[in-house]
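First comes the structure, then the notes that go with it.
The values are calculated or read from the model by the stated rules, or taken from the named source; none is laboratory data. All values derive from a computational prediction rather than experimental measurement. Every residue, glycine as well, gets a Cβ built from its backbone with ideal geometry; the counts of neighbours run over all protein chains shown. Keep in mind that these areas ignore ligands, DNA and RNA; they rest on the heavy atoms of the full protein, side chains included. Shrake-Rupley method; radii C 1.70, N 1.55, O 1.52, S 1.80 Å.
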Amino acid sequence: MQVLVRDNNIDQALRLLKKRLQQEGVFREMRLRESYEKPSVKRAREKAEGIRRARKLAQKKLNRELGISAPKKPRPAPRDKPASN
C-alpha cells in the first residue's frame with residue numbers, strides 16, 4: 001500500500017494511511033492475532049459476525065424497498081488558506 005506525501009505534509013499522509021489500513025481491516029486482524037483464540041470462541045465470534053452482517057443487509061434491503069435513504073454526512077466547509085505576507 002502506498003500513500004503519496006504532498007508538500008512534505010507527513011501528518012496528512014499518515015492520516016490517509018491509517019484510514020486505508022482501517023478500511024482494509026488490518027488493525028482488526030492484528031488485534032485478533034495478538035493472542036490465541038480457542039476454536040470454540042472463534043466459531044462463536046464468526047457466527048455473531050455473520051448474524052450482524054445478515055441483519056445489516058436485511059435492514060439495507062428494507063430501507064431500499066421503503067425508499068428510505070441513509071442520512072448524508074455534512075461536508076466540512078473548505079478552509080481558507082491564511083494570506084502569506
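In the stretch 39-46, is there at least one residue being open to solvent by 80 Å² or more (accessible area, probe 1.4 Å) and of a type in the set (Ser, Thr, Tyr)? No: the stretch 39-46 contains no residue that is open to solvent by 80 Å² or more (accessible area, probe 1.4 Å) and of a type in the set (Ser, Thr, Tyr).
Annotation note: Cβ proximity below 9 Å between a residue of the stretch 18-33 that is under 13 Å from residue 2 (Cα atoms) and a residue that is of a type in the set (Gly, Ala, Ser) and modelled with pLDDT under 95 (sequence gap 6+ or interchain) occurs for no pair.
Taken as a whole, the condition of being on the phi < 0 side of the Ramachandran plot, open to solvent by 80 Å² or more (accessible area, probe 1.4 Å) and free of Cβ contacts under 8 Å to residues at least 12 places away in the same chain applies to residue 52.
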